[in-house]
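Enquirer: Starting off with a structure, shown below.
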């Protein structure tokens with residue numbers, strides 16, 4: 001399949017036409033409308049500093065069903081003996097900044113470019129992007145951010161400065177999403193870390209069907 005070159009028009013090709021590695025299109029911009037359209041179609045941006053914007057729809061797709069989150073013995077101990085405070089949407093900018101600084105295995109740099117930061121900060125201000133924050137007293141020690149549409153949450157990145165802090169952010173996110181009857185967290189591509197927490201790979205075709213079902217519900221916008 002060819003990789004599509006996007007124009008200024010707010011359009012994407014069918015995600016089922018992506019390359020074997022999931023690459024679908026190149027170009028376009030990171031306007032809020034384009035990003036929201038992309039996610040609604042099962043597509044997301046992912047590229048490195050200095051490269052053109054790349055748009056992906058991998059097959060298979062990794063998802064985490066909120067009611068199937070796995071807690072390890074150490075995480076259970078951390079939750080039971082928790083001295084941390086969990087908050088939502090109180091310091092989104094700090095969370096995405098810390099995520100951009102986190103070291104990733106096999107990745108020499110970060111895909112959270114300055115342009116990406118600004119795009120998701122704008123989506124947060126519009127009420128679509130959200131953060132979960134873990135505080136030790138007044139210090140931000142872990143967290144995650146992502147985007148919400150309908151009954152789907154699209155996880156973007158996590159960070160931790162203290163043991164289990166990012167896992168705790170995800171644990172409390174899943175609790176909230178179960179309460180709100182969310183259908184899945186999109187984890188995008190497979191990692192061993194996410195697998196250990198209960199995430200599974202599903203065919204893109206199934207993911208797109210589940211996404212369409214989740215988008216039939218209204219989006220919970222604003223501060224969580």
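Enquirer: Based only on other Cβ atoms within 10 Å, what is the fewest-to-most ordering of 168, 62, 82?
Expert: Ascending Cβ contact count within 10 Å gives the list 82, 62, 168.
Enquirer: Moving to a separate point now. Report the label-to-label distance for residue 213 and residue 195 in nanometres (one decimal), using points 7 Å from each Cα along the Cα→Cβ vector.
Expert: With each label placed 7 Å out from Cα toward Cβ, I get 2.5 nm.
Enquirer: Here is a follow-up. Counting each DSSP H run of 4 or more residues in the chain as -39500 (n - 2.57), what helix-only mean residue ellipticity at 222 nm follows after dividing by all residues, to the nearest 500 deg cm²/dmol?
Expert: One gets -9000 deg cm²/dmol as the mean residue ellipticity at 222 nm.
Enquirer: Using only Cα atoms, find the angle between the long axis of helix 92-101 and the longest principal axis of the chain, and express it within 0 to 90 degrees, rounded to the nearest 10.
Expert: It is inclined by approximately 80 degrees.
Enquirer: Just to be sure I follow: if Rg is taken over the C-alpha atoms of the chain and Rh is the Kirkwood radius over the same atoms, what is Rg/Rh?
Expert: When Rh is taken as the Kirkwood radius, the ratio is 0.95.
Enquirer: Would you mind computing the Rg to Rh ratio of the stretch 176-224 from its alpha-carbon coordinates, Kirkwood style for Rh?
Expert: Dividing the radius of gyration by the Kirkwood radius yields 1.00.
Enquirer: Treat the count of other C-beta atoms within 10 Å as a stand-in for reagent exposure and order 21, 186 from fewest to most.
Expert: Listed from fewest to most nearby Cβ atoms, that is 21, 186.
Enquirer: How would you rank 174, 113, going from fewest to most other Cβ atoms within 10 Å of each one's own Cβ?
Expert: The most exposed by this proxy come first: 113, 174.
Enquirer: Could you grab the relative contact order for the stretch 18-75? Cα pairs under 8 Å, six or more apart, rounded to a whole percent.
Expert: Once divided by the residue count of the stretch 18-75, the mean separation gives 40 percent.
Every read-out reported here was derived from the displayed coordinates using simple, explicitly stated rules and does not represent laboratory data. What you see is a predicted model; the values in this text were computed from it and never measured. Because the Cβ atoms are built from the backbone with ideal geometry, glycine has one as well, and the counts that use them run over all protein chains shown.
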